[in-house]
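Let me begin by presenting the structure, written as structure tokens, before commenting on it.
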Amino acid sequence: MGRRGAWVSMGNIGERLWNTTRESWYLGFTSFGGPPVHFKIFREKFVVKLQWIDEQVYQELFSVCQAFSGPGSTKMLYCINLIHDGFLPAVLGFLIWSLPGALGMFGLAIGVSNIDESLPRAVYALLSGLNAATVGVIALAAVQLAQKAITDKLTRSLVFLGAAAGMLYNALWYFPLLMLIGGIIAVVHDFRWLHKPAKQLASLPGRLRSKLTRRRHSKHEVDEGIDLPERQRELETEPSHLAVAETSTKSTVDTHQRLPITNREAIVTTASSTQPDPSEPSSPRTVPSSHRLTITWPLGLAIIGVFLASFAAAMALRGVLKSPPLLYRLFANMYLAGTIIFGGGPVVIPLLREYVVAEGWVTPRDFLIGLALIQGFPGPNFNFAVYLGAVTAVGWGYSAATGAVLAYLGIFVPGLVIVHGTTGVWSAIRGWRWVKSGLRGVNAAAVGLIYTAVYRLWQIGYIDEGFQQGASLANDPWWVVVTATSYVGGCWFGVSPPLACILGAVLGLVRYGVVEGQGV
């Protein structure tokens, strides 16, 4: 295949747009199962079947899409189309991919906005079953992502601390701060900036004990009448074990210095190979020229810089205005969420709950209804934001379409812009130690936040006439069993998330039938 890039000539734009439409039109209708399944679909189609990119480029794109914020599978499809056909086809491919699910969630939002405050008990039972199954699905996603994110004791600790900190406190700024702290901790650890002070601090008790022992011995010798100058001469003429050790070490160093250079290099190589540095970059991949984007790193930096400036302006304006319009606050919250979400769909759930429900824009009941429904929709889970935007707008007297569009743009644009700019600079920075260290710390903390989502949904997943705001699923053993069934089905028997949610809804109706049959 000849050289293709992001900025190709416009002469055959119609052909390239049709090419993207022909190969991607059905993906937004058939791609159920969330990001893990999406990545598998894209590999089989674009690497194995169509050969638009090779396996090497696919793995490179996978790393980029997973390492930075935004919807992972959506960014992957965008980058594949960007490489093969250019910018406009990539945008078209994104719309084809995301709009079917977005339109479906928009329609459901209108329906949910018009239902009575009280629903039939059968509907509550169905929704509680969906929520219980969803908790199981997200718990499994958390475990699977943690298995990939945990590479050593540090990342294991960051996953745990991120989950624990996320459960203990909630605020608009809190989750991104946790992820930033995780990245800083990883950089400090990998560069060993605190290793020497920590060792000195750890050895302080031993040094103090040794000093006290020497003082006691000195006092004892004085009490016994030992001539201290004579004792000092004895120590000098009869070296202690410490002096012997020092002499032995010096002899070893002298011997090493007398070795030929090649032997010394062999010794150093052997010693370093026994203690690998986890922060060292892996061997760089060589991407074939036929599959390289022609975006230069200055252009990539410029794109990222413009985005960051727009993000800073949006957040500053939101903070400066005393009473900003609701629709602007909705867009700003979605823009913030789309910028800081690492880990894809599962992480978006706790963030959106804090940025929408905690603001008082959407009731917990309507949030739970939408959360249950998005699990059965194809395409990106980020379409959940469309539902929340429409419900928010209708509830506050605005057009549902306006709220849906603002939420759609706010949640998707940051990730796409960042990955577009990153493709130009990734090959230059991927080998930098601090970049790799920081990203693995951020990812580990983000995975911990998925467990936060599991906990918070567990606490509000049970809805009924008496507690429409949501109660703990642990209040009824039936929902505990539904959650466990969803988790075990996906983990051990390969049950897909949509099927698990459908089974959860069915089990919810079964419970309703049993309870109503007993007259409870």
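The values are calculated or read from the model by the stated rules, or taken from the named source; none is laboratory data. Not measured: the values here are computed from a predicted model. Glycine also receives a Cβ, built like all others from the backbone with ideal geometry; neighbour counts cover every protein chain displayed. Ligands, DNA and RNA are stripped out before the accessible areas are found, and what is left, the full protein with its side chains, is counted by its heavy atoms. Shrake-Rupley method; radii C 1.70, N 1.55, O 1.52, S 1.80 Å.
Quick notes
- Low-density loop cleavage sites - GluC sites (Glu not before Pro) in segment 45-118, where at most 16 other Cβ are within 10 Å (DSSP): Glu117
- Counting only protein heavy atoms and using a 1.4 Å probe, the accessible area of Phe191 comes to about 60 Å².
- Across Lys199/Lys436; Lys45/Lys75; Lys49/Lys148; Lys196/Lys436, pairs whose alpha-carbon gap is larger than 20 Å: Lys199/Lys436; Lys49/Lys148; Lys196/Lys436
- Segment 12-54 and segment 125-169 have Cα centres lying 29 Å from one another.
- The listed residues Trp432, Trp193, Trp458, once ranked by accessible area (1.4 Å probe) with the largest placed first, stand as Trp193, Trp432, Trp458.
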